[in-house]
Amino acid sequence: MTEPVHIGIIGAGMTGLSCARILKDAGHTPVILDKGRGVGGRLAARRAENGLQFDHGAQYITAKTEEFQKLIQSLMSVDAAGEWDMGERTGFVGVPSMNALAKALVSDLDIRRQVQVSSVTETEGHWSLAIGEETLVFDRLIITAPAPQTMALLGTGHPLSKQIAHVRLLPCWTLMAAFGDVAGALPASHRDPDAPLAWIANEKTKPGRTDRNAFVAQASSDWSKDHLELDKAAASDLMLNELCKKLDLDQSKVIHADAHRWRYAKVGIPLGEPYLSNASKTLFLGGDWCLDARVEAAFQSGTAIAETLLSEL
Ligand SMILES: Cc1cc2nc3c(=O)[nH]c(=O)nc-3n(C[C@H](O)[C@H](O)[C@H](O)COP(=O)(O)OP(=O)(O)OC[C@H]3O[C@@H](n4cnc5c(N)ncnc54)[C@H](O)[C@@H]3O)c2cc1C
């Protein structure tokens, strides 16, 4: 009998999960490590007091490829995804929150949460991962962290780090705000790429949400860069002001306001290919940053890695 191949995946976002799903379905047992408390990475949702909930990462997804359309259809068939009418366009969202799209993929996967890998080294053809005082060793390693974090794990001198040094991810300050009541009906979404708040989502217009007056607003990349080192409270105050101006909301009715800083939110300059690997195909680097600033790009990267790895095993 052939020895099982130990496969490690860093990151339980769409890239890591879609890769793991294919490997698992092919009979392997990948171990997925994520520093977060939940799964999904930037497919994120935040709960707050009194049942408030915000999708503070990816807002909606679109599916251009047949494979990703199939995934969305399968998620819709188990009520983990639904269609969102944003007024000017429609897209798909997780139900009851964006990270439901990730949760629906995990079922029988071996996912280890709140495990932060601090470095990765190759020794005699195996990959050693430093996790606090511990070391985990794998035969194959797939890293799906955003490009700058992947470089930090490998070290900037690693040959693959040099190949991804030109990739750029842009920051995004995100506001999560709720109001006791609002006058009149507000649009489902509001897009204005040149304004300080480039995007506003009216959370209750998404399928499967509560009827609360909750909004997620994303600052533009330029605004986020200019205000990157503000503390959360100051960023929240500035963005809340902008939100109230934009939607003509009464600031005295605010019942919740919080901000989240994504240092690596959206791909500005992608790698231009679905993944990178070393010559021996024991190390793979992937993520949305390989192709595009979209969840579908993460899926394509994870899928391409799994297919290549399977063809090599
Ligand atoms: C504010 C915002 C809005 C967006 N809007 C949209 C949108 O509307 N539509 C769309 O399609 N896309 C959108 N995106 C982009 C989309 O979220 C990403 O393309 C996609 O989720 C990336 O998936 P990923 O698996 O490649 O990376 P991630 O989701 O970032 O997953 C990487 C995972 O690696 C883990 N990790 C990193 N380093 C370590 C370490 N050292 N040890 C252990 N774990 C580690 C992280 O915790 C994370 O869970 C948005 C993103 C943001 C932030």
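The values are calculated or read from the model by the stated rules, or taken from the named source; none is laboratory data. None of the values given here were measured: they were computed from a predicted structure. FYI the Cβ positions are ideal-geometry reconstructions off the backbone, even for glycines, and counts take in every protein chain you see. Protein only, heavy atoms only, side chains kept; ligands, DNA and RNA dropped before computing areas. Shrake-Rupley method; radii C 1.70, N 1.55, O 1.52, S 1.80 Å.
Listing for the model above:
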{"read-out": "Whichever lysines have a C-alpha closer than 18 Å to that of Lys281, once near sequence neighbours (fewer than 8 apart) are set aside", "value": "Lys162"}
{"read-out": "Helical mean residue ellipticity (222 nm; -39500 (n - 2.57) per DSSP H run of 4+; nearest 500) of the chain", "value": "-8000 deg cm²/dmol"}
{"read-out": "For region 13-139: accessible area per residue (Å², 1.4 Å)", "value": "49"}
{"read-out": "Separation between Cα centres of region 119-178 and region 218-293, rounded to whole Å", "value": "19"}
{"read-out": "Percent accessible area from carbon and sulfur atoms, region 169-268, protein chains only, probe 1.4 Å", "value": "47"}
{"read-out": "Full-extension gain in nm, Ala152 to Gln251, via 0.36 nm per residue minus C-alpha separation", "value": "31.5 nm"}
{"read-out": "Per residue, in Å², the accessible surface of region 169-268 once ligands and nucleic acids are set aside, probe 1.4 Å", "value": "46"}
{"read-out": "Spin-label pair Glu83/Asn278, simplified geometry with 7 Å Cα→Cβ offset, distance in nm", "value": "4.7"}
{"read-out": "GluC sites (Glu not before Pro), loop per DSSP, at most 15 other Cβ atoms within 10 Å - longest free stretch of the chain", "value": "134-228"}
{"read-out": "Cα→Cβ-extended label distance, 7 Å offset, between Met76 and Val137, nm", "value": "4.8"}
{"read-out": "Per DSSP, loop trypsin sites (Lys or Arg not before Pro) in region 13-67 with at most 13 further Cβ within 10 Å", "value": "Arg37, Lys64"}
{"read-out": "Surface/4 estimate of mean projected area, convex hull on alpha-carbon atoms of region 1-72, nm²", "value": "6.8"}
{"read-out": "Sites Asp25 and Asn241, calculated FRET efficiency, Cβ-Cβ separation with R0 41 Å, nearest 0.05", "value": "0.25"}
